[in-house]
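Asks: Okay, handing you the structure first.
Rule-based calculations on the coordinates, nothing more; no lab input. Computed from a prediction, not measured in an experiment: that's the story for all the values here. Quick reminder, even Gly has a Cβ in these numbers, built from the backbone with ideal geometry, and neighbours come from all protein chains shown.
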Amino acid sequence: MPPEALPPILSARSARLGFDRPVIGPLTLEIPAGARWALTGPNGAGKSLLLKAITGQARVHGGLFQPAPAARISLLAQDHHRPQPWPLSGHDWFRAMGATTPAHAGVRALLDRRLDRLSGGQWQLLRLAAVLNSHADDASSQRLILLDEPANHLDAEVRSDAIELIKTVPTQTTLLITSHDDAFLRALELEIHPLAEYLDAR
Amino acid sequence: MPGDLLLIPFLAGVLITILLALAGAGLFLRGSVWQALALGQWAAVGGVFASILHWPVLPVALLLGGGVMALLQRSRERERLPLAVFLAGLAAVTLLAANFAQASLAAAAWAEGQLYFAGPGELQAAVGLALLTVLMIPVLRRIWLHAQIAPDVAAASTPVLWQRLGEIVWLVAAIVLGSMVLGLPAALATLLLPAWGAAWLARNLTGLLLWTQGIAMVGFLTAWAISLPLDQPFAPVLVLVNVVLALGARIAAMLR
């Protein structure tokens, strides 16, 4: 089914989101299935909170907030602290994420390495590849991929690899990205949506 | 080995070492080593309490250990709460031992270990848990791997409730049985030290599990070989051997 024939992958109407108490809202928006959105706004605007609400890590305190029930959601969090020592390899990480390994040579070169011995950029690239390929073998499911500041920690060596990986995501998959890196967003050719435009909507 | 008299304790010790080492690798991956301290101590409280009331030790120890694990699983506090629960358990054992003669004997047994006196009952329990473990290994690996993901989120399905509960029950059973037979300090040393040493040497998850088993087994056999001919209590010897092996693994990793 073409993405435009599907219902929105996320519908929010006057939603208030937060953790112990509401932090942002009321929020009203609809994200169409298959969309490629970059969500922008200053620090503290609530971009990461919105992504966490979609995954169920943050709470909905009121209003309607409805991800598509059949959507398979994966999230690249803004940071992922690595314990020391951490005796897991790239292959283990892909297994943990339920992800198929991509053909990308830059990622495959990292699969046999220990996660705690990767550079910050390599670790970010590996996590990104795993999120993009989590549950990717099930073509029948509706996928929503959330990337919270994916350009963080990417050094020049792996930045172009990350852009290449994100661009190869299948068209029926919905992408929602937050980033302060304008050059990164331009390279990905995403629709830019300032979060403020959807807040305080009536 | 001096005759068949020690065959059952030896076999029970080998099996329990394998189980505790595997549980230790899981606790290491989950970052839950403090929970092991609290759980083991409250299993000891259960055992001492059962001895006062002349109840069967294993079910009571399992019940209290399981209750503590259930409490700790509900909290996000990973260090202070388990430490407080551990200290409360230590105080409970000390008070029971101070007030009941039977409890004093039982507390000493939990502290020193009773490996040389392990009988067919302990061996059967270890064999039963080992067989269950063989069936559960794919589930345990999946849960321990899944525990690494946060704060990222995978689109793939998460372990279901019965798998998560099964892992907790298995951990409780391994730690309680291990503490009962080896003694609490020796069981905790087998839980915590081989996995920590292995974590510096292993290349991946499978390597971690194999290195942990290797270090734990060398530790058990070395402690057995030292303590019997020198007529030393087994548990403290095992603790010291595991400390040396884990530090050796750490140094070996630094040198390569």
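Asks: Can you give the calculated 222 nm mean residue ellipticity of chain A, where each DSSP H run of n ≥ 4 adds -39,500 (n - 2.57) and the sum is split over every residue, rounded to the nearest 500 deg cm²/dmol?
Replies: Computed mean residue ellipticity for chain A: -7000 deg cm²/dmol.
Asks: Could I ask something else about it? In whole Hz, with x marking every Gly and Pro, tabulate ³J(HN,Hα) for the stretch A:82-91 from phi via Karplus 6.51 cos²θ - 1.76 cosθ + 1.60, θ = phi - 60°.
Replies: 9, x, 10, x, 9, x, 10, 9, x, 4
Asks: Let me ask something additional. Mind checking the log10 I(q)/I(0) for the stretch A:1-116 at q = 0.21 Å⁻¹? Debye, one equal scatterer per Cα, no solvent, two decimals.
Replies: At q = 0.21 Å⁻¹ the computed log10 ratios are -1.15.
Asks: Let me ask another. For a distance above 15 Å, tell me the whole-number percent of Cα pairs in the stretch B:93-146 that qualify.
Replies: Of all Cα-Cα pairs in the stretch B:93-146, 66 percent lie more than 15 Å apart.
Asks: Something else about it: With no solvent and one equal point scatterer placed on each C-alpha of chain B, evaluate the Debye formula and give log10 I(q)/I(0) for q = 0.10, 0.13, 0.14, 0.15 Å⁻¹, two decimals.
Replies: After summing over all Cα pairs, the log10 values are -0.47, -0.81, -0.94, -1.08.
Asks: How high is the relative contact order of the stretch A:3-198, in percent, counting Cα pairs under 8 Å that sit 6 or more residues apart?
Replies: Relative CO of the stretch A:3-198 lands at 28 percent.
Asks: If you don't mind, another one. Under a Cβ-Cβ cut-off of 11 Å, what is the net charge of the residues other than residue A:110 that fall near it, where Lys and Arg count +1 and Asp and Glu count -1?
Replies: Result for the local shell: +3.
Asks: Volume per residue, Å³, of the convex hull around the alpha-carbon atoms of the protein assembly as shown?
Replies: 160 Å³
Asks: Hey, what D do you get for chain A in µm²/s if you plug the Kirkwood alpha-carbon radius into Stokes-Einstein at 25 °C and 0.890 mPa s?
Replies: Once the numbers are plugged in, D ends up at 140 µm²/s.
Asks: Here's a follow-up. Could you tell me the center-to-center distance, by alpha carbons, between the stretch B:112-135 and the stretch A:42-84 in angstrom?
Replies: That distance is 46 Å.
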